[in-house]
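Worksheet: the structure to be examined is printed underneath.
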Amino acid sequence: MNTDNITAQLQNWDNFCRYHANSDWNGTWTRYSAQRKIIESFNCIRSFQISTDGSEIYHQNHYTYADGRKETKTFGPYQKPVTRCLFLDNSFSWGSTKIESDSNFGFETGFRYEDRRTSVVIMYDKAGSLEMILVIVESLNTFPEKPNSPFVKEFSRNGRGTAKTITSDWLVSSPIDVSWNRLENLGDDYQTLYFSDGISITSPQQIASRQDFLAAVDWQINPNLLQRGIRNYDSSGFIGFTLQTFIFDT
């Protein structure tokens, strides 16, 4: 690994620590079918704790299900600076990098803003059909309040946008200006779904190996600020994760 890659990987680790670790994220997790029907909803506390010397991050999920059952799962520890996840500023994304025959395919994309965090897991079955969407709404210290209404505002096209991309080897591009585009315009034959708390997605209904496609997650943080995370794939597999940030006039 060359010096640029080492520096980039250390920045990725630093973003993990800065935005997400040494925190307990209290979340409501809701699983939806591909038709946006609720399958189940439960609570989870995701805990990320940094070791005293900063070389490891310990990760535990504490689940409480609707029937009262409790469960704890332990992941890691993650060793500095290696993580499966890409951390680009306040956003993050990780998951499948290639479509394999007879294997499920999925990924998670999310964002942090102040004491709130949201993420979405999109899963495809072994045949490549969109199967399930998991929407996670989290906050520090307490569980989120009752979900807000779905996002319905149509943003104007004069919003100011910037974009940065991180590759699978952690290299981050310089920011560029981008124009606002509705999720529905990002891909042909994609399924666009809107959820509560300003969360929405678009992704193909069917995927296949050696196919170019993207999957985007939007989070309307407040009436004038929206972030979009896009996972990009080409015929070789995953090629990069893009964070777009849009600021709109009142």
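The values are calculated or read from the model by the stated rules, or taken from the named source; none is laboratory data. Please read these numbers as outputs of a predicted model, since none were measured by experiment. Backbone-built Cβ (ideal geometry, glycine too); neighbour counts: all protein chains shown. Quick note on the areas: whole protein, heavy atoms, side chains included, nothing else; ligands and nucleic acids left out. Shrake-Rupley method; radii C 1.70, N 1.55, O 1.52, S 1.80 Å.
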Taking amide H positions as placed 1.01 Å from N in the peptide plane, with prolines and chain starts having none, which residues 5 or more places from TRP25, or on another chain, fall under 5 Å of its amide H? ARG46, SER47, PHE48
Counting only protein heavy atoms with a 1.4 Å probe and every protein chain in place, the carbon and sulfur fraction of the accessible surface of the range 36-157 in whole percent equals 50 percent
How far apart, in nm, are two points set 7 Å out from the Cα along the Cα-to-Cβ line at ALA127 and at TYR194? 3.0 nm
What translational diffusion coefficient, to the nearest whole µm²/s, does the range 1-96 have by Stokes-Einstein, given a Kirkwood radius computed over alpha-carbon pairs, a temperature of 20 °C and 1.002 mPa s viscosity? 142 µm²/s
What Kirkwood hydrodynamic radius, in Å, does the chain give when the mean of 1/r is taken over all pairs of distinct Cα atoms and then inverted? 18.8 Å
Using a probe radius of 1.4 Å on heavy atoms only, what accessible surface per residue do you get for the chain? Whole Å² is fine. 51 Å²
Give me the number: length gained by fully extending LEU186 to ASN224, i.e. 0.36 nm times residue separation minus the C-alpha to C-alpha distance, one decimal in nm. 11.6 nm
Roughly how many debye, to the nearest 20, is the charge dipole of the chain about its Cα centre, given +1 on each Lys and Arg Cβ, -1 on each Asp and Glu Cβ, and no other charges? 280 debye
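Note the per residue figure in Å³ for the convex hull of the C-alpha positions in the range 42-105. Write down the numbers at each step before the final one.
Values: hull volume 9.0 nm³, N = 64.
For the range 42-105, the hull spanned by Cα atoms encloses 140 Å³ per residue.
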Please compute the contact order of the range 1-123 in relative form: average sequence separation of alpha-carbon pairs under 8 Å and at least six residues apart, divided by the residue count, as a percent. 18 percent
For LYS126, list the aspartates and glutamates whose Cα falls under 13 Å from its own Cα; do not include residues on the same chain fewer than 8 positions away. GLU100, ASP102
I'd like the projected area of the range 176-236, averaged over all directions, using the convex hull of its alpha carbons. Report it in nm² with one decimal. 4.9 nm²
Round to the nearest 0.05 the FRET efficiency obtained for ASP169 and ILE45 when R0 = 30 Å and r is the Cβ-Cβ distance. 0.40
